[in-house]
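The values are calculated or read from the model by the stated rules, or taken from the named source; none is laboratory data. This one's a predicted model, so the numbers in the text were calculated from it and none came from an experiment. A quick note on method: Cβ atoms are made from the backbone with ideal geometry, for glycine too, and the neighbour counts reach across all protein chains shown. Just so you know, the surface numbers come from the protein's heavy atoms only, side chains and all, with ligands and any DNA or RNA stripped out. Shrake-Rupley method; radii C 1.70, N 1.55, O 1.52, S 1.80 Å.
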Amino acid sequence: MSAPAGPPRPLLKVCGATAPEEAAAVAPRADLVGLWYGVENGARDLTGARLTELADAVRTAGRAEPVLVTFLHDAERIAAAARAARVRWIQLHAYQPPAAVAALRAAVPDAVLVKAVHVLDGACVERPFLTAYARAGADLFLVDAATRGGAVGSTGRRVPAEALEALLPALPRPFILAGGLGEADAPGHAFAAHPGFRGVDIDHAARGDGGPLDPARVAALDRAWTGSPAPAP
């Protein structure tokens, strides 16, 4: 009799590539590479053509899949961009309502839909809608911190442990954890053993001094969070 399967290996997502060379350099040591599209005034926002170019670079360079990360609510516009770029993963990283998730699920039934939810002042803003998001078609939640100034995504703010502990029993789908995480957080992270934990989304710690995604830093994050060994010399 075979041994029971253990929990899935955690996913490492790094976010905000802006050049094909940057995306290709980190794709071998990440599972997911986030590409911003429809992030108004975002420093790493991409045009549709650029999204397609970077998505191709991710797919051809390593194990990673590209992820369309967006603040848009328009399901048809998101779906059209995802189809054009042949992106299977879509991350809704703003305050889209459950109806927007349902419309996107109908438009791209085979996509992996990740819905970000935001912790502000110790509580999840979207908590009343979690079940509705799941029913609408969200496959995963991404738990991130928001700020009083309205910033969401790539804030570098941590989700307080007590807020996450209170939120997890209410999540009807598995989750990815974001919010100021780095390599040093991985060993024995309090929530990594949770049955719903599927991985981490990292921005700041994957860069050097706010610059491009750094392959060496991503490799270190990969070893720390997923247990992938260093490549043979």
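Remind me, relative contact order of the chain in percent, using alpha carbon pairs under 8 angstrom and six or more residues apart? This gives 19 percent for the chain. Per atom type, the chain shows carbon and sulfur on 56% of its accessible surface, probed at 1.4 Å. For the range 64-81, the Karplus equation 6.51 cos²θ - 1.76 cosθ + 1.60, evaluated at θ = phi - 60°, returns couplings of 6, 10, x, 10, 7, 10, 9, 9, 5, 10, 6, 4, 5, 5, 4, 4, 5, 5 Hz by residue, with Gly and Pro reported as x. Per residue, the chain exposes 45 Å² of solvent-accessible protein surface, assessed with a 1.4 angstrom probe and all protein chains in place.
Distance between the modelled labels on ARG127 and ARG77, one decimal in nanometres: 3.2 nm (7 Å Cα→Cβ projection). The convex hull of the Cα atoms of the range 117-226, projected and averaged over all directions, covers 7.3 nm². For the range 41-119, the spread of Cα coordinates along the three principal axes comes to 35, 29, 22 Å, biggest extent given first.
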